[in-house]
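One structure is given here, and the rest of the page talks about it.
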Amino acid sequence: MLTRNCLSLLLWFLFDGGLLTPLHSQQPPQTSASKQKENVIITMSGRRSAAQRVKRGWVWNQFFVLEEYMGSEPQYVGKLHSDLDKGIGSVKYTLLGDGAGTIFTIDDTTGDIHAIRSLDREEKPFYTLRAQAVDIVTGKPVEPESEFIIKVQDINDNEPKFLDGPYVASVPEMSPVGVIRTALPNMDREVKEQYQVLIQAKDMGGQLGGLAGTTTVNITLTDVNDNPPRFPKSIFHLKVPESSKVGSPIGRIRAVDPDFGKNAEIEYNIVPGDGGNLFDIITDNETQEGILILKKSLDFETKKAYTFKVEASNAYLDHHFNSVGPFKDTATVKINVLDVDEPPMFSKPSYTMEVYEDTPVGTIIGAVTAQDLDIGSSPVRYYIDEKSDMNNNFAVDPIEGTIATNELLDRESTAQFNISIITSKISNPQLTSSVNVIINVLDVNEFAPEVTLPYETSVCENAKPRQIIQIIGAADRDMSPAGQKFSFRLPPDGLTNPNFTIHDYKNNSAGIEAQRHGYSRRDKEFYLLPVVVEDSSYPIQSSTSTLTIRVCRCDSRGAILSCNVEAIFLPVGLSTGALIAILLCIIILLVIVVLYVALRRQKKKDALMTSKEDIRDNVIHYDDEGGGEEDTQAFDIGALRNPKVIEDNKGRRDIKPEPLRLPRQKPPVEYNSDIRDFINERLQEHDVDPNAPPYDSLATYAYEGSGSVAESLSSIESPSMEIDQDYDFLSDWGPQFKSLAEMFGEENFKKDKIT
């Protein structure tokens, strides 16, 4: 490196040495350092004179310095000098700017500039500095500050570099010439996939003294489908147990393809021939193996070996290599079936049996059959899976396999049973197989058909003969295998019904026809029509239902106008709910009115009972002799309710009481029971009678007291009837007997007779 730097320095002195002179400019006048300085006049004292013009005292060019200088002394760059410097040490030079003092130094007396550090042009190509000449005594500038440039001159110190190396490239195998040429013909990826190429670059056109750089290119040969798949052997032998499940894998075969990726993907197919319908083959996408699948069950006793061919081919072909040949290969597969001790097999995959309901217990309804197909077959036994017959409705013979009823069956309860029969070998009971047995319970015609709803219909008053007013159907709880057929008719005693008849449509439905021209609700509001429905099973069952036909008023189009309470309101557009609400409101209002009237009447009755003038409960008691006609002492009605009160003697309030003398003995209380009952009945009738007058009074005349002018008024001993008595004389007895006169007198009684 030192030799190279010295040689570069020598060449630089030979070609560019004249550029370092600091005294005169050799650069074009456009640089700032070569411009002429402003004219000034300098005197010995240093004063300016405006009359004298002087030429610019000092100028310099841009300086150059070599990069990567490795000398022991600082590298000389150039010299600054001013014309005002007389060489007597009166001028001092200063340096400012990029690298001043750190990279570049100046001798303040001589103006020599040196580079004290090695420079790198690739790091910084030039430096801008400023120079100043100052009077050493006064410290004032003798020259204006000027700017100059120091350029770093390039030397060949960097070799060429590959910026993105090492490089990676790929090229398809068997490719033609490219920018990086293949050196070998028919380069095969399957032989060698990776190649490494070393590339060198030189500067200076490869001349002496130039530098060189290298890089590596890793080249990969990409795969093309230039190889067909090949089976490593021509025959594959497989052993498969006969008990293998359908759909399970039974073996693997593989063809080899040296290609890579999708070019190595292989498709396997079974060549049509022996065994092609029992087996299938698919490709394992991970290993590219062919997986053989069992399509049907194997039976060692039927066939012990199978032979077929398998073809392997590429899924993706490259037409550039069609000339190589077919990209496929074939191999032979031989399968040997292995004998396995198998469970017994039923003769059918499933069984269907039928039995009539109510069949006696123990009746055989069918049988199942199973046998051991292995060499040296073993006897088998049968039994019912308990889970399929929880109620123990059936039983199976363990040896014969016959199935019989174990309970009475009812089709209406359960129409079908699905049981499972299990068989096992005596030699190996653990080997079992099962079969489903479906048992259909057949119907016995034990129920009579019935007419389905509606049981009530209507007919318009303006109906015409043969007009259909209602369609009826029937239902039967019995169900025969062929389905039921129902017929409809009138009962024998109603075949001449003049009002309605039945028209059977022969499709399990019938129509009710009108027989008359018009009906009248005034004459008859509804009709009862008996309908006989009959089934077709054996034995034939029939039933009679009664259909109520109500007569309604309809318009000309047959729409019902009035037939019941709801129909009356139909023209107004009221629904059933609205009608019910209206009726409830009316009933509630009626109840309120009745309660109000009853309450008012009760209040009025109470007021009358508390009034002093109320005489309804005033009972006049005449069981003792009073003071004559003036004796009108009354007592409480409670005296009648309590017979003991009658026995008490009450004195008059207007005269002194006297000993009571009775003309005859007083009858016992118990003898008055008929009169008491009569009085109580009359009181109860008046209490509940809303039309009873408020002025009624009730008196009892069980017997007369002594001293009465009118003698006895009792009718007990009267020989004549009440209707024969004349009571007009009561009006002459005075005001005390006014009430009696009004009760027993004639209606044309004159009040003016009573004084």
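Loop-located chymotrypsin sites (Phe, Trp or Tyr not before Pro) in segment 439-494 (DSSP state not H, G, I, E or B) with no more than 15 neighbouring Cβ atoms inside 10 Å: Y455. Annotation: per residue accessible area for segment 213-339 equals 53 Å², rounded to a whole number [probe 1.4 Å, protein chains only]. Ligands, DNA and RNA aside, E742 has an accessible area near 100 Å² when probed at 1.4 Å.
In this structure the amide hydrogen of L409, modeled in the peptide plane, comes within under 5 Å of the amide hydrogens of D358, T359, none closer than 5 places in sequence on its chain. Rounded to the nearest whole Hz, the Karplus-based 3J(HN,Hα) values (6.51 cos²θ - 1.76 cosθ + 1.60, θ = phi - 60°) of segment 295-310 follow the sequence 8, 9, 5, 9, 9, 4, 5, 8, 8, 9, 8, 9, 9, 7, 10, 10, with x at glycine and proline. If the segment from K262 to N440 were pulled out straight at 0.36 nm per residue, it would be longer than the present Cα-Cα gap by 58.1 nm.
Note on S146: accessible area approximately 20 square angstrom, rounded to 10, probe 1.4 Å, nucleic acids and ligands left out. Scanning residues 5 or more positions from S543 or on other chains, those with amide H under 5 Å from its amide H are V533, with H placed 1.01 Å from N in the peptide plane. When Rg and Dmax are taken over the Cα atoms of segment 351-428, they come to 14.0, 48 Å. By accessible area, using a 1.4 Å probe on protein heavy atoms only, segment 394-474 has 49% of its surface on carbon and sulfur. When D358, D284 are compared by accessible area of protein heavy atoms, the largest-first order is D358, D284, using a 1.4 Å probe. With the whole protein complex present, L589 retains an accessible surface near 110 Å², based on a 1.4 Å probe.
Residues whose amide H comes within less than 5 Å of that of V91, counting only those at least five positions distant or on another chain, are I136 (H built at 1.01 Å from N in the peptide plane). Across segment 366-382, coupling constants 3J(HN,Hα) worked out from phi with the 6.51/-1.76/1.60 Karplus curve, θ = phi - 60°, read x, 8, 10, 9, 9, 8, 8, 8, 6, 5, x, 4, 10, x, 10, 10, 10 Hz, and Gly and Pro carry x. Computed over protein heavy atoms with a 1.4 angstrom probe, the accessible surface ordering of M70, M353, M390, largest first, is M390, M70, M353.
In segment 227-299, the portion of solvent-accessible area held by carbon and sulfur atoms comes to 52 percent [1.4 Å probe, whole percent, DNA, RNA and ligands not counted]. Put Y351, Y356, Y195 in order of accessible area, highest first, and with a 1.4 Å probe you get Y356, Y195, Y351. With all protein chains kept in place, the per residue accessible area of segment 426-504 amounts to 55 square angstrom at a probe of 1.4 angstrom. Restricting the GluC sites (Glu not before Pro) of segment 206-314 to loop positions (DSSP other than H, G, I, E, B) with no more than 15 neighbouring Cβ atoms within 10 Å leaves E286, E301.
The values are calculated or read from the model by the stated rules, or taken from the named source; none is laboratory data. Keep in mind that what you see is a predicted model, and the values were worked out from it rather than measured. So basically every Cβ, Gly included, is an ideal-geometry build from the backbone, and we count neighbours across all protein chains shown. Side chains are part of the model used for accessible areas, which takes the heavy atoms of the whole protein and leaves out ligands, DNA and RNA. Shrake-Rupley method; radii C 1.70, N 1.55, O 1.52, S 1.80 Å.
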